[in-house]
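*Asks:* This structure is in structure tokens; I'll ask about it shortly.
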Amino acid sequence: LTGVLDDCLCDIESIDDFNTFKIFPKIQKLQERDYFRYYKVNLKRPCPFWADDGHCSIKDCHVEPCPESKIPVGIKAGSSNKYSKVANHSKELEDCEQANKLGAVNSTLSNQSKEAFIDWARYDDSQDHFCELDDERSPDAQYVDLLLNPERYTGYKGPSAWRVWNSIYEENCFKPRSVYRPLNPLAPSRGGDDGESFYTWLEGLCLEKRVFYKLISGLHASINLHLCANYLLEETWGKPRWGPNVKEFTRRFDPLETKGEGPRRLKNLYFLYLIELRALSKVAPYFERAVVDLYTGNGHEDAESKALLLDIFRDTKSFHMHFDEKSMFAGDKKGAKSLKEEFRLHFKNISRIMDCVGCDKCRLWGKLQTQGLGTALKILFSEKEIQNLPENSPSKGFQLTRQEIVALVNAFGRLSTSIRELQNFKVLLQQTR
């Protein structure tokens, strides 16, 4: 892949260099810190759209939550949520033992601001949300250590997995049913149509709807890249060996294997990276305030985490070819407002579809990355509110929960990893030729 991306003035080589030398090493470090490694998620929410296929029984689909007894009391302090103190009699996870400091208090505020946090929790900002958020108070919501449950190939595939993506593309991308997405095994036989009618249709859309499709396609490409890069290569004597699978990568992205579709998908990955990068640069003022503290209870670590996050924000601001979101929803006010609401509801619906994913590990990472993108969109459409934030008190005009912050950073971390893995596959492909 080379050259300039559509719908923005940025070239692929600039993103590769910026990501490799500036962003990737720092975002990797940030994801390992206590505040960002624990994500609270409900993996038991029923699919709202069709009867459940039944859960994937492959062992690699399993997600191991941290036992309640291993989550320090401090993680629950400072939150208005009440937790049932159910004794955990199950065998305690050896893996969680490795996490010496399980941090991550469910709060973005310092001690003196905890009372204000309760007001935050009560404030209903659902009008700003692009995602269906899990109820953290649900007894089914559990903390998951993302480092101990990495996103990788699980073996979950076939009609069940395809139905999820099919529902996302066919029913939520502003697409008429008569226009078929290329290489969709669930679409009726298209005869001589090689998918070009799809792109003719896409080019005829307004910028906003075109962007929406590219974001979803980019997310799909990124997830596929993670699966190719972290593939179960062999399992001998119960010891699995994970690594890059060039054959699988070629099957999903090679121009010949995908009738030219693969490079388009990868370009959409770069486009999505630019959108989330822009959101990070826009949200910096929110975190630069002294009142926002990545609070885990360990003062030294909290200060280091915030310093690293602010360092990443400085890098994002220094990037000179940002996507200009002001070009979106820029028509007459009434039409723009209506289109923005349609955009938000379509994306919210996609976040609900993630509860239909049959593999728990895929569901975990699908929900996290969707919520991360939803948070990025919320930021891009809240620029004025962010600019008007008070310096020394939490604002009701714009707020992020800890879950949204963790999802935003980890989702962008996944995109950064995808682009880094793409460089690795380029080298591996050259070696195999």
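The values are calculated or read from the model by the stated rules, or taken from the named source; none is laboratory data. Quick caveat: nothing in here was measured; it's all calculated off a predicted structure. Glycine gets a Cβ as well: all are built from the backbone with ideal geometry, and neighbour counts include every protein chain shown. For accessibility, only protein heavy atoms count, side chains too; no ligands or nucleic acids. Shrake-Rupley method; radii C 1.70, N 1.55, O 1.52, S 1.80 Å.
*Asks:* What's log10 of I(q)/I(0) for the stretch 327-433 at q = 0.17, 0.23, 0.24 Å⁻¹, Debye sum over Cα points only, no solvent?
*Replies:* Log10 of I(q)/I(0), two decimals: -0.98, -1.23, -1.26.
*Asks:* I need the Debye-formula profile for the stretch 134-185: one equal scatterer per C-alpha, no solvent, reported as log10 I(q)/I(0) at q = 0.23, 0.30 1/Å, two decimals.
*Replies:* For the stretch 134-185, the Cα-only Debye profile gives -0.93, -1.10.
*Asks:* Among Lys40, Lys348, what's the order by accessible area (1.4 angstrom probe), most exposed first? Write out the running numbers ahead of the final one.
*Replies:* Details: Lys40 10, Lys348 40 Å².
The residues order as Lys348, Lys40, largest area first.
*Asks:* Principal axis lengths of the stretch 372-431 from Cα atoms, whole Å, largest first?
*Replies:* Result, largest extent first: 55, 20, 19 Å.
*Asks:* For Arg45, what accessible area in Å² do you get when you roll a 1.4 Å probe over the heavy atoms of the protein chains, rounding to the nearest 10?
*Replies:* 50 Å²
*Asks:* Between Asn349 and Lys26, what length comes free when the chain is fully extended (0.36 nm per residue of separation minus the Cα-Cα distance, one decimal in nm)?
*Replies:* Working: separation 323, 0.36 × 323 = 116.28 nm, distance 3.26 nm.
Between Asn349 and Lys26, full extension yields 113.0 nm more.
*Asks:* Would you kindly find the accessible area of His300, with a 1.4 Å probe and non-protein molecules such as ligands, DNA and RNA excluded, rounding to the nearest 10 Å²?
*Replies:* Approximately 130 Å² for this residue.
*Asks:* Roughly what would the spin-label model give for Lys157 and Ser178, points 7 Å off Cα along C-beta, in nm?
*Replies:* A separation of 3.5 nm, rounded to one decimal place.
*Asks:* Okay, next question. Ranked by accessible surface with a 1.4 Å probe, highest first, in what order do Ser178, Ser351, Ser393 come?
*Replies:* Working: Ser178 95, Ser351 10, Ser393 50 Å².
I get Ser178, Ser393, Ser351, largest accessible area first.
*Asks:* Could you put Arg264, Arg181 in order of accessible surface area, largest first, with the 1.4 Å probe and the full protein assembly present?
*Replies:* Numbers: Arg264 80, Arg181 10 Å².
From most accessible down to least: Arg264, Arg181.
*Asks:* Please work out the FRET efficiency for the pair Lys333 and Gln431, using the Cβ-Cβ distance as r and a Förster radius of 41 Å; give the result to the nearest 0.05.
*Replies:* Numbers: r = 55 Å, r/R0 = 1.35.
Efficiency, rounded to the nearest 0.05: 0.15.
*Asks:* Answer rounded, prolate or oblate for the stretch 219-360, using the Cα gyration tensor with square roots of eigenvalues a ≥ b ≥ c: rounded when a/c is under 1.5, else prolate when a/b is larger than b/c, else oblate.
*Replies:* Numbers: a/c = 1.90, a/b = 1.20, b/c = 1.58.
Oblate.
*Asks:* While we're here: Given just the C-alpha atoms of the stretch 229-290, how large is their convex hull per residue in cubic angstrom? Walk me through the numbers before you get to the answer.
*Replies:* Working: hull volume 6.4 nm³, N = 62.
It is 103 Å³ per residue.
*Asks:* What FRET efficiency do you get for Leu232 and Ala51 if R0 is 35 Å and r is their Cβ-Cβ distance, rounded to the nearest 0.05? Can you show the working numbers first?
*Replies:* Values: r = 30 Å, r/R0 = 0.85.
Step by step, r from the Cβ atoms, then E = 0.75.
*Asks:* Grab the stretch 260-385 and count how many Lys pairs have their alpha-carbon atoms under 20 Å apart, sequence gap of 8 or more, or different chains.
*Replies:* Lysine pairs meeting the criterion: 28.
*Asks:* Can you give the extra length, in nm with one decimal, that the chain gains between Asp17 and Glu385 once fully stretched, where that is 0.36 nm per residue apart less the Cα-Cα distance?
*Replies:* On the way: separation 368, 0.36 × 368 = 132.48 nm, distance 3.24 nm.
Contour length minus the Cα-Cα distance gives 129.2 nm.
*Asks:* So if R0 is 25 Å, what FRET efficiency would Leu205 and Ser318 give, r being the distance between their Cβ atoms, rounded to the nearest 0.05? Write down the numbers at each step before the final one.
*Replies:* Values: r = 32 Å, r/R0 = 1.30.
For Leu205 and Ser318, the calculated efficiency is 0.15.
*Asks:* At 1.4 Å probe size, with no ligands or nucleic acids counted, give the accessible surface of Cys47 in Å², nearest ten.
*Replies:* Its accessible surface works out to 20 Å², give or take rounding.
*Asks:* Sorted by average packing, counted as other Cβ atoms within 10 angstrom per residue and highest first, what order do 359-365, 239-245 take?
*Replies:* Working: 359-365: 24.0, 239-245: 13.3.
Those peptides, ordered most packed to least, come out 359-365, 239-245.
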